[in-house]
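Quick notes on the structure that follows.
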Amino acid sequence: MTISVCLPAVNEQATIGTVLRPLRSELKEGLIHQLVVVDQSTDRTPEIAGAMGAEVYTQSDLMAHLGPVVGKGDAMYRSLSVLRGDVIVWLDADSEGIGQDWVARLSEPIIHGEADYVKAHYRRPLGADKDGGGRLNHLFGAPLMRAFWPEIGWIRQPLAGETAITRGLAETVPFELGMAIEPALTIDAYRYGGRLAQVDLGVHRHRHHPLRKLAARTDEALAAVLDRAGVEHGLQVPPKRAALRTALVMP
């Protein structure tokens, strides 16, 4: 099975080279078959990514008929138009570094025929707390999963950005826009009959966002979760998400 690795990126010049370095080695060794950055930056991210051996595409040029790009989920959806692998692995571009074996470990359950969708879990240090990062996973994502979908409540970090999925499932499930993509894709992979698995990637050092920014993301993600649970709510969603609901979100 062939493996495509994709990193959605917006102004990640400080970290993109560090993230791509081990992936470039895996590409040269034939352990992965395609390395892609879908970019919407105003800094040097695309130049650095290209120099590191990645195929670089501008997000808004992919499926341009959909209009302006609305966040990470939209970028991930559009990336399907250029990703060729049997297994698709999405990674975050704002990591301080990734493990040499992350792609292999995420892909392994799929390659062995044991899963169709794989989420990472890990420890994220924050200050003196060795597992203080990933606050939305601890306080929002995992509790909601246990409440509405207890059968997959064992997924420790449903909001993790490190994800592997079969091409067949990726072309079947709907894609949320913006930051709602992570919980929504996990739920939809299950709703559409995918076999789920998770792998422990150890310690992950990742940029931490201020609480005010996290709160804004929570509204968007919560709306997507409640939609799938059939719960009425008054949360506001991006206008484009509502407009594209039939095509992308809830077919």
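The values are calculated or read from the model by the stated rules, or taken from the named source; none is laboratory data. Here the structure is a predicted model, which is why all the values come from computation and not from measurement. Here Cβ is always computed from backbone atoms with ideal geometry, including for glycine, and neighbour counts include all displayed protein chains.
What the table shows:
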| read-out | value |
| --- | --- |
| Flag for residue 115 being assigned to a helix (DSSP H, G or I) and aliphatic (A, V, I, L, M) | no |
| Test: residue in region 61-73 that is under 16 Å from the mean Cα position of the chain (by Cα) and modelled with pLDDT of 95 or more | no |
| Any chance residue 21 is under 21 Å from residue 186 (Cβ atoms) and either touching a helix residue (DSSP H, G or I) at 6+ places or on another chain (Cβ under 8 Å) or surrounded by fewer than 23 Cβ atoms within 10 Å (Cβ to Cβ) (or both) | no |
| Checking residue 39 against (1) touching a residue at least 40 places away in the same chain (Cβ under 8 Å); (2) of a type in the set (D, E, K, R); (3) surrounded by 22 or more Cβ atoms within 10 Å (Cβ to Cβ), the condition it does not meet | (1) |
| Of all residues making up region 78-92, the number that are hydrophobic (A, V, I, L, M, F, W, C) and within 16 Å of residue 66 (Cα to Cα) | 2 |
| Filter pass, residue 43 being in a helix (DSSP H, G or I) and either of a type in the set (A, V, I, L, M, F, W, C) or over 24 Å from residue 111 (Cβ atoms) (or both) | no |
| Any hit, region 60-76, residues being of a type outside the set (Val, Ile, Thr) and in a strand (DSSP E or B) | no |
| Of all residues in region 152-188 being outside any helix (DSSP H, G or I) and charged (D, E, K, R), the one that is surrounded by the fewest Cβ atoms within 10 Å (Cβ to Cβ) | 171 |
| Some residue of region 13-22 being assigned to a loop (DSSP other than H, G, I, E, B), on the phi > 0 side of the Ramachandran plot and in contact with a strand residue (DSSP E or B) (Cβ under 8 Å, 6 or more places away or on another chain) | no |
| Residue within region 29-37 that is touching a helix residue (DSSP H, G or I) at 6+ places or on another chain (Cβ under 7 Å) and in a helix (DSSP H, G or I) present | no |
| Matching residues in region 56-85 - criterion: being surrounded by fewer than 17 Cβ atoms within 10 Å (Cβ to Cβ) and without any contact (Cβ under 8 Å) to a residue 40 or more places away in the chain | 58, 61, 63, 64, 65, 81 |
